[in-house]
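> Below is a structure I'd like to ask you about.
Please treat every number below as a calculation from the coordinates, not as lab data. Note that the structure is predicted; figures quoted are calculated from it, not measured. Counting neighbours? That spans all protein chains shown, and the Cβs are built from the backbone with ideal geometry, glycine included.
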Amino acid sequence: MGMPTGGFRGDADGQRTEAIQTGGRRRRPSGRGGRGPGGPGGPGGPEGPGGRGPRDPRDFDEDDEKPRRRRTGWKRFLPSWKILVAAFTVLAAGTFGMIAVAYANTPTPTATQAEAVAQGSAIYYNDGKTLIAKVGTPRVILDNINKVPRHVQDAVIAIENNTFREDSGISIPGMIRSVWMTATGQQLQGASTITQQMARNYYDGLSQEVSFKRKIKEIFVAVKLDKEMPKDQILLQYLNTVPFGRAYGIEAAAQAYFKKHVEQLTPEQGAYLAARIQTPALDADAPRLQARFKDVVNAMAKLDPAKYGNLPSTAKFPKTVPERNSNELGGLKGYMVVQVMQELKTRMNLSPDQVRSGGYKIISTFDKKLMQAARKAVIGTTSSLPKEIHAGLAAVDPKTGRVLAFYGGEDYVKDNWNEPFDSYKQAASAFKPYVLAAWLDAGYSLNSFVPGNKTVPEELPGTKPIGNSHNVGSAINVTTATADSVNTAFASMAYKLDEDNGTIGQLSAVKQIAEEAGLGKQRMEDDVKAHKYAFSIGSALVTPVEQAAGYSIFANEGKHVDYHVVKEVRKDKEVVFPERRDEKQVITPEAAADSVAAMEEVLKSGTARGKGIGRPAAGKTGTNNDNKEAWFVGFTPQISTAVGMYREQCVTKKGKIVQPVNANCPETPGGKPSKKYGPTNRYSEPREISLGTGIEGATYPTTIWRNFMMEALAGKPVEQFPPKAGLGSPENIVPSPTPTPSPEPDDAGFPTDFPTDFPDDGGCYDGGPGCDNGGGDGRGFGDDQGHGGGQDGGPGGDDVPLNIPNGGPAALPTGSGNGKSGSGA
């Protein structure tokens, strides 16, 4: 028998299975062959109750049911719609549940939380009782909404929240828009409804910060407030707290802009104040404010056409009264207020707005008596000098860093330049004590010999030659170098310290002490890079208050406390910001004691001789090149005081010298309005010039210092400095031959080859204090070593003048004096 085309093959059980051809395609067996597995209750077999056997999933026919197709590609990761619906339902339920819980847990703000809202603050002297000034925008609290005319209420409602009287405290469309844009970062939107704004302005916990969390909390609070408070009360609290620029609250604003009570305002004036709510900082007639005013009157017409329909066509932008000059900053107190406000911002992170509306009691470090003494000392000493000459004084408690007093000007409103805080000038020889401190702190002695005529080495790296204006001998001890302010000695001492430390040209030891004494780190680093060893004789820029605080390392046994003007800040009788005293041990107590011993000689036998105050005191003079800047910084254990002076002329672009306006170089001719000149194109600029003959560190600055200290310490106990420590062994950094030691001072504090008692019969002698007739040789070298007499018993010469233009010291001219016939300074 012939074999069919498909052929036969034997099954495993010996049965034969036919391969059937269908349309030329081979079809696998359907699974019917042989016996299927037994069905329930019947024998097997192709037609038996057991039914078909298991079907090979690969076997199918066009007529068979197709199996479900498997997803491929990215579709494999998509969940089914059933899962999505279930997930959304769970998420929505959870979200609404969390919102409900958050809403329930949001407390309704209480009245006690708002007690201090927008209350002005007060600044006091250091006794905590004597008022300096009240700061803050005026506020008048209304107790009844009926005191606010309906047209004023409507003006505010129309522009700020026209559904206020009907809504539930929030605007649903506005809320959705605001929350969405805030959450997505498109724009941080503020509160929208009046209720929300009132909640934000009035209650603690709803800060002015614009954030998603704050927005949600604000919404919850607004809804609760709307349920618990009448609309009129919400509106009244809003109008009492909203800022209008010149004032907080609608009543104070009415008085500030129109000299009226709020019940007397016209619809136009009410619209004006409503326009200011979103633009409180604009000038009274600013174009943007005028545009906003039009928006308000149009909104009023839309809110109540019957009542305000004609207002857009009839309303005129109202005239306001001139702003009254604030008495907050007038006179001397303005300088104190500004310094306090600046420190509150930088050290305590309180902005001026927070201070003015925070209800704080701020106790400053200023002593009223000493503030008056500072003014008296400066004005009394300089009143006869040209107005171009500026003087600043600062006094600091060296143990606490508190600024006890300063004088920076007569009236802050007229001249807002605060001399002791704002004027950065070259320290000149008043910087040398920091070199002295580094020298002694390194273990060297006051009795060491240092160069008198030239530096060692003669060529200092990166520095133009440094010298003195006259011969002081080849070698002198450190005490004499300090008393007579010898440039070559201090530059050589700084080099020796660098040599020891392996930091040639970096002045690392001196710079570190200056920085730790409170002088600006970046300024010190920049000056060392620019001037190298001229840094050691005072090329760096400093302010009087920095110097007064810097010298505290000598008066306070080597410790420095950062100067500050805020003693503490209180609110509701509690101290919320305590005093910050950042104290650091800069040099050893022994180095401080020996530094003091050397600087005492400045007042006893040196450049400031004759200017003692009848009790232990020490200090240092300083004068810049051509007498452009003059200093005296001196201290007792109780007070460290710095006085700085300089002179500026006002010069136009064409070189014309013009008179200052209120001590300021005029921006416009005569200080009058000008279309051509202004802040960006000034009519004149300051130019520093010489202080003039007779004004050096040892004269006017020292006299100011002395007059202040005498009054400041009157009636105070006399305190002694710690005894001299006598650090180190005498060393010699001067090349041979071995120098002859300088004479040591006797008990009276003067070299033994000077008379201990100066003649008071008109006799004068070379090197001693000046006489009224200007005796002596009259040459007055300007280097703290003058040999001539100054007028009215003044001392001899002053510092080696210093100016460091373009990277190096200028020539060292001789100083000018103030003797009648001589020139000793």
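> Quick check on packing: order 273-286, 307-320 by the mean number of other C-beta atoms within 10 Å, highest mean leading.
In decreasing order of mean packing, 273-286, 307-320 become 273-286, 307-320.
> Would you please calculate the Kirkwood hydrodynamic radius of the stretch 280-342 over all C-alpha pairs and express it in Å, rounded to one decimal?
Result for the stretch 280-342 stands at 14.9 Å.
> Now for a different question. Across the stretch 264-423, what fraction of all alpha-carbon pairs, as a whole percent, falls in each successive 5 Å bin from zero upward?
Calculated over all Cα pairs of the stretch 264-423, the distribution is 1, 7, 12, 14, 12, 10, 8, 8, 8, 7, 5, 4, 3, 1, 0 percent.
> Could you calculate the FRET efficiency of Asp411 with Arg615 from 1/(1 + (r/R0)^6), where r is the beta carbon distance between them and R0 is 51 Å, rounded to 0.05?
It comes to 0.90.
> Any idea how far apart Lys376 and Val658 come out in nm if each label point goes 7 Å out from Cα toward Cβ?
3.9 nm
> Can you tell which of Pro701, Asn662, Pro673 lies farthest toward the positive end of the dipole of the stretch 656-706, using +1 and -1 charges on the Cβ of basic and acidic side chains (Lys, Arg; Asp, Glu)?
After comparing all options, I get Pro673.
> On full extension of the chain, what length is gained from Glu731 through Thr89, given 0.36 nm per residue of separation minus the C-alpha to C-alpha distance?
Gain on extension, Glu731 to Thr89, equals 222.2 nm.
> Restricting attention to the alpha-carbon atoms of the stretch 429-582, what are Rg (one decimal) and Dmax (integer), both in Å?
In order Rg, Dmax, the Cα atoms of the stretch 429-582 give 17.9, 67 Å.
> How far is it, in nm, from the label point at Gln585 to the one at Asp304 when both lie 7 Å from their Cα along the line to the Cβ?
7.6 nm
> Still on this structure, please answer the following. Rounded if a/c is under 1.5, else prolate if a/b beats b/c, else oblate: with a ≥ b ≥ c from the C-alpha gyration tensor eigenvalues square-rooted, which is the stretch 334-413?
It comes out prolate by the Cα gyration axes.
> What is the fewest-to-most order of Val651, Val718, Val602 by other Cβ atoms lying within 10 Å of their Cβ?
Val718, Val651, Val602
> Another question, then. Work out how much length Asp500 to Lys716 would gain on full extension: take 0.36 nm times their residue separation and subtract the Cα-Cα distance, in nm to one decimal.
Using 0.36 nm per residue and subtracting the Cα-Cα distance, I get 73.4 nm.
> Using the number of other C-beta atoms within 10 angstrom as an exposure proxy, rank Ser121, Ser192, Ser690 with the fewest first.
By the 10 Å Cβ count, ascending, the order reads Ser690, Ser192, Ser121.
> Greater than 19 Å separation of Cα atoms is the criterion. Which listed pairs, Lys454/Lys611; Lys319/Lys675; Lys521/Lys584, meet it?
Listed pairs above 19 Å: Lys454/Lys611; Lys319/Lys675.
> Reachable lysines from Lys676, Cα under 25 Å, same-chain residues fewer than 8 places away excluded?
Reachable lysines: Lys414, Lys653, Lys654, Lys656.
> Give the distance, in whole Å, between the Cα centre of the stretch 341-403 and the Cα centre of the stretch 126-162.
Here the answer is 31 Å between Cα centres.
> Lysines near Lys129 by alpha-carbon distance under 24 Å, same-chain residues fewer than 8 away left out - which ones?
Qualifying lysines at Cα under 24 Å: Lys333, Lys345, Lys361, Lys368, Lys369, Lys376, Lys399, Lys567, Lys571, Lys573, Lys716.
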